[in-house]
Amino acid sequence: MTTTLPRQPFHVAIVGGGGTGGALAHDLILRGFRVTLVERGEVTSGTTGRHHGLLHSGARYAVKDRESAVECIEEREILGRVCPGSFEENDGLFVAITDEDVAYEPLFFESCLASGIPARRVSREEALRLEPNLNPGLKMAVQVPDATMDAMRMPLRFFASAKAGGATIRPWTLVTELLVADRLVSGVRVRDLTNGVEEEIRADLVVNATGPWAEQLAVMADCDVPIRPSPGVLLAVRGRWCNMVVNRLHPSGDGDIVVPQRGLSVVGTSSWVVEDPDDLGVPEDHVERMYAEGAKMIPGIRTAERRAAWSAARPLIGSKDAESGRELSRTFKCFDHRETDGVEGFVTISGGKGTTLRAMAEATADMICRKVGVEAPCRTREVVTLPHTAYYAA
Amino acid sequence: MTVTAADARTTRLVVSRRKEGDDPGALRYDTFDVAVGPRTTILDALVAIRRELDPTLTFRHSCFHASCGTCGMRVDGREGLACVTPVPTGDEVVVEPLGNLPVVSDLVVDMDVFYDDFDDAGRPLVRSSEKIPGAAKAEGIDQLERYEDCIECGICLSVCPVAGSDPRYVGPAALAAAWRVVEEPRGLDPGPVVRLMDDEQAAWRCHLAWECTEACPSGVDPAAAIMRLRRSAAAARARRLFSFGGTR
Amino acid sequence: MASTIVERGRPAAGPARRRGVLGWFDPRGRRLGGLAFILNRLTGIGLVAYLYLHLLILSMLVQGPDAWDDFVDVALSPPFLALDVLLLTGMLVHGLNGIRVGLVGLGLVASRQKALFIAALVIAAFVALVGALRIFAGE
C-alpha cells in the first residue's frame, strides 16, 4: 500500500446524486481523488429528499437489527458535529399506548442501552408535559436522541463541500450506457438533458450510487445487485403537532413515526416491494393507515388537513424473495463487481438510510482505496461541511 | 399517484420547454395528455410525462411535501409548489418556470442568483421553536428548536413586480431572512445586517405589492418582515443622527 | 387510457405575463395588495397628468378674459364635472392609500395592511360620492 494514487489524477465517476453520492464525492475529494458526479435530475430528487427527515438515534432498530442501531447512533453524533446547526435537536419519544407496548418496553430499553443509545424512561405525566398533544391514554414513554433533519438540505452540505473541493457535480445528466469492454468499465456515456448533447466521461472507476435504481444501472455492465426497491407512503399534515420526534413503542410497524417539519407534521410509513422505482403509486389505503396509526399517538392528526401524501422507495439489500420489505436489513453494503461479477472498474454502494450517508461513503471510499492500493485515511468524521447554500455559490 | 380506472380522467398539460442555446425570446410549449386521478398533483403529472412520454423534460423536485422548496413553478399563471398543487379541472393547464430567474432548461431555473442575495443576510437554518401551548423541554434539551419557515423556493421573487423590473433588487426572501436575524440574532450581531439591507436596492426598494406574502407556501410573510426591517433601519439611522460624538 | 404527446413546439400558451415596468400594470394573478400597487401607480400618473393639464389651463389666463370665459363655459359642462369627480376620487385614493403606504412602509402597522387598504377605499368612495353630489349640484 502506498500513500500516493497510482495515477494523478485518479478519476472516479459517481452515478447518482442522492445523499450517498454527495457524501462519497466529499470523502473522495478529501482523499485526493478527482470526482465527477452525474445525476439525471436535481440532486436528492431520487429517494433521498423524500424521507420524513428523521435523524435516527437507532432506537427503532435496537431490538431487531442491532447492526443498524449501532450505525445510527454513531452517525447521529458525527453528523451533529460535521453538519452543525442543521438539525432540530429536540430528541424523540417512544410512547407506549397499549399494554403490549408496555410489555415490550423493557426489551426495547435494554436493547437501546446495549446499542449505545442513551435512553431515559419518562412517566405518562411527564410525557404529556413535554408533548401536550399526545394521546392522554398513553402509559409511559422512553426519551432517546432522535432529531429532525431537512432531508434535502442536510445532504446538500456534502455536495457543497465536494463542489468547493473541486468535484464536478452535474445534475440533468442522464447515463445512457456504461462504457464496458472485455469486462472492464471505463466510464459512462451520458446525455446532458439541458441541451441534448451526448458525451463520454472516461473514468478510472465508476461507482453506482443510484440507491433503488442500483439494479437498473448494474445490468448495463452485466452485473447483478440484490436490491429490492421497497416504497413506503408518507403523509404530511398541517400543524406542528410535536417538537420531539414521536415514535410508537412497539416492533416496527406502519405509521408509527411522527416527525415535525417546520409547520407540518410528517407521519410515516408503510412498506411494500416493487419492480420499478420510477412507478411507485400512492395507495390511498396506506394514507388512511397513516392517519389512523398517527392518531393513536397524537389524536389531533386524525382531523388535520392533508398537505401532501407521497411514496419513497427504500433501497433494500437482500434476497429477491422478500415479501414486504420489513424483513430485509436496513444496513448498507458495498459491492466490488470484480469479486461478485468479474467486472473490473465498477463498484456499487446501496442499502442504508438517510442517517448513514456519511458512513456509507466512508466504507465505499475505504473499499476504493483498498482496490486501488492506496492509503488515504477518511477525514469526513472531522471536517465540517459547508452550509447548504454554498452549493449555489456563483 | 395511483390512478384507478374508476377515478381516472385525462388532463392536458401545456408545458414550457427551453433548452440551452434556444432564443429566449421564442417561447415553445409541448402539449401532453396524461391520466390523472382526484389527488394527482402537477408534480405527479410531470413525473408521469417524464417516465412515459419524454425523458428529456427537466424540472426540479425532491421532497414531495412542500418542505424542500425545489418545485416552484407557474401553473396557469399562478406561482406555487408543484408537489402540492392539484391538477385543476378544465381543458388545459399551462405549466411554466418561475419568473425573475434565468431559465436553465424547461422548468428549471438557476437558483445561484437567488442564493447570492439570500446568503448576504447570513441567517442560520434553525431557530427557536414557538411554544406548543403547555409544552416543556425534555431533560438535556437546552431550548426547543425548529427550522426557519423559509424553504428558499423563490416564489416570492417570482411574483414580485419590482423584482420583475429591476434585477438589482435583493428580493423579498433575502430581506425576510435578514429580518429573522434581527428578530432572533442567535449570537449574531444584527447591526451589520440592518445596515446591509438599509439600501435603496434592498429594504427601500419594496413598493408594498404584498404579492410575496400572499404567494409564500410556507407562511413567512416577507412583506411584513421588510416593513419591520425598515423600522429597524429607520430607527438606527435616527439614532446615528442624534448621537453626537457617540461610539456608534 | 394511455398518456400521449399531443403537440410539440406551440409558440404561445395564452397571453404571457408582462415583464419589466409594464408588468407592474398586469393584474393577472394578482391579489389585493398587487391591485393596490397598480392603483397607486395609475392614480399617481393620473395626478401628474392632471398637474400638467392644470398648468396648461392656467396659462390661458395670459390670453385674456375672453379665452378664460370660454374655458369656464366648458369647465362647467357635465362631462368636465365628471372629470372633476374622477380627479377627486384619484386624489382621495392616492392620498389615503399613501397614508397606508407611509404607515405600513415604516413598519408601524405592518400586519394590518389589508384592512388599511379596504378602509382607504371605503373612505375614498364615501367622500368622492359626497363630493360628486356637491359638484353636480353646482356648489
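Checking the structure you have, find out if any residue of segment A:50-66 is under 26 Å from residue A:345 (Cα atoms), in contact with a helix residue (DSSP H, G or I) (Cβ under 9 Å, 6 or more places away or on another chain) and within 14 Å of another protein chain (Cβ to nearest Cβ). Scanning segment A:50-66 turns up no residue that is under 26 Å from residue A:345 (Cα atoms), in contact with a helix residue (DSSP H, G or I) (Cβ under 9 Å, 6 or more places away or on another chain) and within 14 Å of another protein chain (Cβ to nearest Cβ). Across segment B:16-25, the qualifying residues are those that are out of contact with any Lys or Arg (no Cβ under 9 Å at 6 or more places or on another chain) and of a type outside the set (D, E, K, R), and the one among them that is nearest to the other protein chains (Cβ to nearest Cβ) is B:21. For residue A:232, the conditions (1) outside any strand (DSSP E or B); (2) not assigned by TED's automatic domain parsing to the domain that holds residue A:346 all hold with the exception of (1). Residues in segment B:72-87 that are part of a loop (DSSP other than H, G, I, E, B) and at the interface with another protein chain (Cβ under 7 Å from one of its Cβ atoms): B:77 alone.
Filter segment C:67-78 for residues that are under 14 Å from residue C:137 (Cα atoms) and either surrounded by 13 or more Cβ atoms within 10 Å (Cβ to Cβ) or under 22 Å from the mean Cα position of the chain (by Cα) (or both) and give the result.
Step one: filter segment C:67-78 for residues under 14 Å from residue C:137 (Cα atoms), giving C:76-78.
Residue satisfying the conditions is C:78 alone.
Filtering A:126, A:110 for residues that are assigned to a helix (DSSP H, G or I), modelled with pLDDT of 95 or more and more than 27 Å from the chain's Cα centre (by Cα) leaves a single hit, A:126.
Quick one: would you say residue C:12 is at pLDDT 80 or above, in contact with a strand residue (DSSP E or B) (Cβ under 9 Å, 6 or more places away or on another chain) and not in a helix (DSSP H, G or I)?
Answer is yes for this residue.
Go through B:90, B:69 for me and flag whichever is more than 7 Å from every other protein chain (Cβ to nearest Cβ), surrounded by fewer than 20 Cβ atoms within 10 Å (Cβ to Cβ) and part of a loop (DSSP other than H, G, I, E, B). Within the list B:90, B:69, the selection yields B:90.
Among the residues of segment B:106-123, those that are in contact with a helix residue (DSSP H, G or I) (Cβ under 7 Å, 6 or more places away or on another chain), facing chain A (nearest Cβ under 10 Å) and part of a helix (DSSP H, G or I) comprise B:112, B:114, B:115, B:118, B:119. Of the strands (runs of 3 or more DSSP E) lying entirely inside segment A:1-97, those containing at least 1 residues that are at pLDDT 95 or above and under 30 Å from residue A:110 (Cβ atoms) span A:92-96.
Condition first: more than 9 Å from chain B (Cβ to nearest Cβ), in contact with a strand residue (DSSP E or B) (Cβ under 6 Å, 6 or more places away or on another chain), crowded, with 19+ Cβ neighbours inside 10 Å and closer than 25 Å to residue B:147 by Cβ. Can you find one or more residues in segment A:79-86 that meet it?
First, the residues of segment A:79-86 that are more than 9 Å from chain B (Cβ to nearest Cβ): A:79-84.
Among the residues that remain, those that are also in contact with a strand residue (DSSP E or B) (Cβ under 6 Å, 6 or more places away or on another chain) are: none.
No - not one qualifying residue is present in segment A:79-86.
For (1) closer than 30 Å to residue B:236 by Cα; (2) without any contact (Cβ under 8 Å) to a residue 40 or more places away in the chain; (3) more than 11 Å from chain B (Cβ to nearest Cβ); (4) in a strand (DSSP E or B), each residue gets a yes or a no:
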residue	(1), (2), (3), (4)
C:26	no, yes, no, no
C:34	yes, yes, no, no
C:53	no, yes, yes, no
C:59	no, yes, yes, no
C:90	no, no, yes, no
C:97	yes, no, no, no
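For residue A:248, the criteria (1) surrounded by 22 or more Cβ atoms within 10 Å (Cβ to Cβ); (2) among the basic types (Lys, Arg); (3) at the interface with another protein chain (Cβ under 10 Å from one of its Cβ atoms) hold in every case but one, which is (3). Would you please name the residue that is nearest to the other protein chains (Cβ to nearest Cβ), looking only at residues in segment A:106-137 that are among the small types (Gly, Ala, Ser) and crowded, with 19+ Cβ neighbours inside 10 Å? It comes out as A:127.
Listed by first and then second residue, the pairs with beta-carbon distance under 7 Å, at least 6 apart or on different chains, first residue in segment A:294-315 and within 30 Å of residue A:208 (Cβ to Cβ), second in a helix (DSSP H, G or I) and of a type in the set (D, E, K, R), are A:310/A:50; A:312/A:50.
Residue by residue, here is whether (1) surrounded by fewer than 24 Cβ atoms within 10 Å (Cβ to Cβ); (2) in contact (Cβ under 8 Å) with a residue 12 or more places away in the chain holds:
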residue	(1), (2)
B:129	yes, yes
B:135	yes, no
B:153	no, yes
B:157	no, yes
B:167	yes, yes
B:173	no, yes
B:182	yes, yes
B:185	yes, no
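Checked against the criterion of being buried (at least 24 other Cβ atoms within 10 Å of the Cβ), over 30 Å from residue B:151 (Cβ atoms) and not charged (D, E, K, R), the candidates A:103, A:59, A:69 yield just one match: A:69.
Entry remark, segment A:139-158: residues being in contact (Cβ under 8 Å) with a residue 60 or more places away in the chain and more than 12 Å from chain B (Cβ to nearest Cβ) number 1 in total.
The values are calculated or read from the model by the stated rules, or taken from the named source; none is laboratory data. Keep in mind that what you see is a predicted model, and the values were worked out from it rather than measured. Don't worry about glycine lacking a Cβ; one is built from the backbone with ideal geometry, like all the others, and counts go over all protein chains shown.
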